[in-house]
Amino acid sequence: MGRAGEGEEEGLPLFETRVGKKSRVAYRIFGFTVFIGICMIWVYRLTHIPTAEQGRWAWIGMFMAELWFGFYWIITLSARLNVTYRYPFKHRLITRYGDKLPAVDIFVCTADAEIEPPTMVINTVLSVMSYDYPPEKLSIYLSDDGGSEFTFYALMEASQFSKHWIPFCKKFRVEPRSPAAYFSQNFNQQDPKLAEEWLATKILIDGRKPSAVDEDGHQLPTLVYLAREKRPQCPHNIKAGSMNALIRVSSEISNAPIILNLDCDMYSNDSDAIKEALCFFMDEKHGHKTSHVQHPQSCNNITKNDIFSRQC
Ligand SMILES: O=c1ccn([C@@H]2O[C@H](COP(=O)(O)OP(=O)(O)O[C@H]3O[C@H](CO)[C@@H](O)[C@H](O)[C@H]3O)[C@@H](O)[C@H]2O)c(=O)[nH]1
Ligand SMILES: [Mn+2]
């Protein structure tokens, strides 16, 4: 391809893994003290076995519970002993692959227009339609297990709105690219109506057509709506079932080698998320060992004073 800078970049990895040394030491000290505490509880139980009259059954119950929670804690802790951080180098990815980047199919799942209002769903769709990635290589599929007319209508409107929203995002480097998150507005829920047509696949924007352009004349990503048939007597397998339906439909339309999956309530808050994930798949040395990349999630509706709510 002969792009500038290709020579010096060649051979360099597309991502780096670093071990979190500071947090590792602190976590090990913390883990060790808790482990000593757990052992002391076990020792206490074993050295204080009551007689049958003193409540042997209660003792057995307590000891079982403490054994289980102790082992559960050790298993959980061991998964966190080696904290590692991964750093993708997306500029290297662009320099190295340029216009040879792979196509990406994006699957968004929704199931119930009342619990998951169409405004939220299309905000997620718009956030992924405006990724900083060649639009001709992007196809977005919305699986609507509720078969809601409202969701379909909202998606149709979103397909029109994207013609203004995508150039706006790219021009002003908007982040995040979910319109709702960007404008920080509250949307009201709408009552859904049952769709008359339960099995439907509709291509709202066909990125291959010359007419699929935004207001700046740039190509738009492909946008597909899919509502699969669900029957009471057949297990529909929830999200996994809709993912299977999405794979079958997308293999006929775009058939991209990379699939990105989002729940409809997870908008993307980084327009470079695809490029970052691709660094792990396309690294020459380690890429073939990677089958999944999980992006970190951050929740923005957690309660501050609830000790059980957490930053995920
Ligand atoms: O019949 C169904 C039911 C659900 N969904 C979708 O599946 C996703 C997850 O379902 P939800 O009930 O919201 O589960 P959560 O606990 O919020 O989601 C977590 O837990 C799920 C089950 O473990 C995982 O699939 C999700 O990725 C993970 O975010 C949502 O987008 C739903 O719209 C469908 O597509 N069809
Ligand atoms: Mn959910």
Fill in the blank from the handout: Expressed per residue, the solvent accessible area of region 21-82 in Å² (1.4 Å probe) is about 79 Å²
Practice task
Specify the longest stretch of the chain that does not include any exposed loop site, a site being one of the chymotrypsin sites (Phe, Trp or Tyr not before Pro) with a non-H, G, I, E, B DSSP assignment and at most 16 other Cβ atoms within 10 Å.
Solution key: 1-186
Handout entry: trypsin sites (Lys or Arg not before Pro) restricted to region 209-310 and DSSP loop, no more than 10 other C-beta within 10 Å
Key = K285, K304, R310
Exercise for the section: With only Lys, Arg, Asp and Glu charged, each at its Cβ (+1 for the first two, -1 for the last two), find how big the charge dipole of the chain is about the Cα centre; round to the nearest 20 debye. Expected result: 1320 debye
Handout entry: Rotationally averaged projected area of region 200-312 (alpha carbon convex hull; nm²)
Key = 11.8 nm²
Practice task
Restricting things to alpha carbons, tell me how big region 101-270 is in terms of Rg and Dmax, in Å.
Solution key: 15.2, 51
Completion exercise
Probe 1.4 Å, heavy atoms of protein chains only: per residue, the accessible area of region 101-270 in Å² is 51 Å²
Handout entry: the chain: relative contact order as a whole-number percent, Cα under 8 Å and 6+ apart
Key = 24 percent
Practice task
At 25 °C and 0.890 mPa s, grab the translational diffusion coefficient of region 109-183 from Stokes-Einstein with a Kirkwood Rh over Cα pairs, rounded to a whole number in µm² per second.
Solution key: 193 µm²/s
Handout entry: Rg(Cα) / (2.2 N^0.38 Å) computed for region 4-142, rounded to two decimals
Key = 1.86
Fill in the blank from the handout: Taking alpha-carbon centroids only, region 84-101 lies from region 258-275 a number of Å equal to 17 Å
Handout entry: Around T124: net Lys/Arg minus Asp/Glu count, Cβ-Cβ under 13 Å
Key = -3
Handout entry: Principal axis box of the chain, alpha-carbon based, largest edge first, Å
Key = 83, 59, 37
Practice task
With unit charges on the beta carbon (Lys/Arg positive, Asp/Glu negative), name the residue among W57, I75, S23 whose Cα is farthest towards the positive pole of the charge dipole of region 21-82.
Solution key: S23
Problem - For region 21-82, alpha-carbon Rg relative to the globular expectation (2.2 N^0.38 Å, N residues) - result: 1.43
Handout entry: Antiparallel DSSP beta bridges within the chain, percent to nearest 5
Key = 40 percent
Practice task
Take the Cα gyration tensor of region 223-273, multiply each eigenvalue by 5, square-root it, and list the three semi-axes largest first, rounded to whole angstrom.
Solution key: 23, 15, 9
Problem - Solvent-accessible area, 1.4 Å probe, carbon plus sulfur percent, for region 101-270 - result: 52 percent
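The values are calculated or read from the model by the stated rules, or taken from the named source; none is laboratory data. Because the structure is a prediction, the values reported are computed rather than measured. No Cβ is skipped: glycine too gets one built from the backbone with ideal geometry, and neighbour counts run over all protein chains shown. Accessible surface areas use protein heavy atoms only, side chains included; no ligands, DNA or RNA. Shrake-Rupley method; radii C 1.70, N 1.55, O 1.52, S 1.80 Å.
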